[in-house]
1. Scan around residue 338 for amide H atoms under 5 Å from its own, H built in the peptide plane at 1.01 Å from N, and keep only partners 5 or more places away or cross-chain.
2. Measuring from label point to label point, each 7 Å out along Cα→Cβ, what is the residue 148 to residue 598 span in nm?
3. Tally up the carbon and sulfur contribution to the accessible surface of region 494-629 as a whole percent, 1.4 Å probe, everything protein left in place.
4. Over region 421-539, what is the mean sequence separation of C-alpha contacts under 8 Å (at least six apart), divided by residue count, expressed as relative contact order in percent?
5. I'd like to compare 174-183, 600-609: which one has the highest average count of other Cβ atoms within 10 Å, and what's the full order after that?
6. Run the numbers for residue 610 and residue 462: contour at 0.36 nm per residue of separation, minus the present Cα-Cα distance, in nm.
7. Can you flag which of 236/480; 247/603; 355/476 are past 28 Å Cα-Cα?
8. Quick one: which of 140-152, 612-624, 552-564, 445-457 comes out on top by average Cβ neighbours within 10 Å, and what's the full order, highest first?
Amino acid sequence: MGAVKLELRCPQNENGIIAADPEPDWSFEALVSELNSLELKLNSSSIFPIPFTKTESRGLSNVKKGPTAFVMRVSDDEMEDVEREGGVEEVYDRSLVAGSRFACDELYLSDSDDESNLHDQFHLMDKAGVAEGAFFELTHEHQLAVKEEVSTQISVLETDLVHERKKSTSAIVRVEKYIEARREMDRKLDIQYQRNIAEALDNHMTAVQRDHEHRSQIEERRIRNEAAFEEARKEKALQEEKLRQEKAKGEAKVRLELAAKKRAEEAKIAALEDERRAAKEAAEREAIGASTRDATEVAPKEATGHQIDASLGILNAQLNGSKTDGTKKAQSAGNILKSAESALKLEQGRLQKYKELDEKTQALGQSSNKDFHRHEQQFARRIRQISGTKENVRTKGNELIKIFNDPLCPQPINVAIFVKKVVSYFEVDQPSKVTYACGHVIVFVTSQVPYAMDLLLAELHRVCIYTVPKHIDYSKSAFKSKEDYYKMIGYREENGKIERTEDYLKRLACYMKLYAALVQTEADGVQNPHGLKEGWAWLARFLNALPANVYTAVALEVFLQVAGFALFRKYRSQFRKILKVISGNFLVALKAQAEKVKEPKLKQVIGNIQYYVEKNEFLQEPEGWRMQGSLLSGSMVPELDYPDSYHHPSNYSGSYRYSSYY
């Protein structure tokens, strides 16, 4: 078996001197004695005892400096013997004892086949001198001091590190607590904010609901009031109808009784009655002739302002009750027709022309087998396409003239179709710009077909008596019933029932809007046969002859709103004077009438007229009065070489001029 090599490495070796443990408790002599004892035990345990020879002196002068350790070598045979004898345990115990006295790094056991290793000798350090021992002690003390200082600094650093860790931990804990507190605060603020939003939303919804309920209550109250008013009106009408029927029955009974009495005396007084009737007819003819000679026209002339002032003086006197002799004679016999004599004559002449046209168209229709329905559609389509632009007015006017000149349809039939389609188109309310534009188209067409203007006015007089102007008072002796009277002034009958007054007033306003737009239309190059002069005459005749009621009030309101602006531009201060007459006389009479009849519509019209006069609404240009891209109705522009007109060719270059009268 090979030899077992046991190596014991010590931490330090200076020239063969084994460094002592950092904390030794024995002397140098004790160490040498221990080594000798160990050598003896090793020799005695070996089968072939080899003396421990010392090759080098233990003198300190020959000590080699360096970290070499001493080596103990034991052969395998010796190890077996030692194991048998228990020597290994003793050696091992001694090595532990020695380890407690001096530190060795490692213990190696190695096998070696070299037999020469059995003869290797262990070298122990020689004895050192006193100086080297002192030096060794100082070195050892220095090492202990350094070790203690290092240990102290390490302890201080560890203490500081612990404190810093504690501070960091405390800071982290505080930060976490702060973050948690902020989160809690944010959560509370969010909850509070959501609560505030919910409360605000709830308050808003409550307010909205309350407002809706309030409006609903107002609307319900209004509906109930209207229903109650309508019920009261129906009840009143029913009572009046019952009273009228009872009165009629009583009157019929009285008439029968009187007739029975008179039949007995009829033969006796027949001659006297004939003479009396003849005398009465003669008196009426004389009164009509005198009124025709004495009645004067109160409309101002175009000549001077002096004549306009004179006519306004007559107008004021008449509205205050001082009528002219002709007016008194015309109404002396209890005439229910309220109108100026001149207006009635004009109306009669226009209606006569309309009658003649109607007869002529009927004759043409009977003699011809042609169907003129296509022409009616063409006229209706062109009229519906009229809009408030200059180019549109010119285009539609030319198209209508082209239809008038169609040889396939006689011109009288075209004229009749034209006037009926225009008037029927304005049975319902149209936008203001369309109404003004239609006035321009009518003026353009009538400039090419002159007699069409009188026929159009006749159609307007037929559907609306206030375009004359005239009014018919109700009289039981003149009309069999109220329905007959309503039909006479223009009410329509539908399904055997007379239409509502509200519907009639709406249609009356539409017709008056068309008439007022027609009379205020003026353009150079085209003569309007029924222009502002006739509009002023209409206003004077209206205020002279017509009474103040809801029908006349609506007609006057619409006329002022549509034509008042142009009348003021034409007559200036004279128009202001006539507005004073309206405010001081007509409105006063209208308010007195409103207190009697309690008509809501009448109060509204009174307020509108009063607002128009007091706020000088006639100074403001009405909406739609000025056509886009057009100067037809008297817009102020620099004058050029020649004024444009409706009948000029389309390639003519010019513009309209406005000549104002002051």
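1. Those lying under 5 Å, H to H, from residue 338 are 471, 472, 473.
2. 12.8
3. Answer for region 494-629 is 45 percent, counting heavy atoms of protein chains only.
4. Rounded, it is 37 percent for region 421-539.
5. Ranked by mean Cβ neighbours within 10 Å, highest first: 600-609, 174-183.
6. Numbers: separation 148, 0.36 × 148 = 53.28 nm, distance 2.98 nm.
Full extension from residue 610 to residue 462 adds 50.3 nm.
7. Numbers: 236/480 20 Å; 247/603 32 Å; 355/476 30 Å.
Result: 247/603; 355/476 exceed 28 Å.
8. Answer by packing, highest mean first, reads 552-564, 445-457, 612-624, 140-152.
The values are calculated or read from the model by the stated rules, or taken from the named source; none is laboratory data. Only a predicted model underlies this, so the values are computations on that prediction, with no experimental measurement involved. With ideal geometry, Cβ positions are generated from the backbone for all residues, glycine too; neighbour counts draw on all protein chains shown. Ligands, DNA and RNA are excluded from the accessible area calculation, which covers all protein heavy atoms including side chains. Shrake-Rupley method; radii C 1.70, N 1.55, O 1.52, S 1.80 Å.
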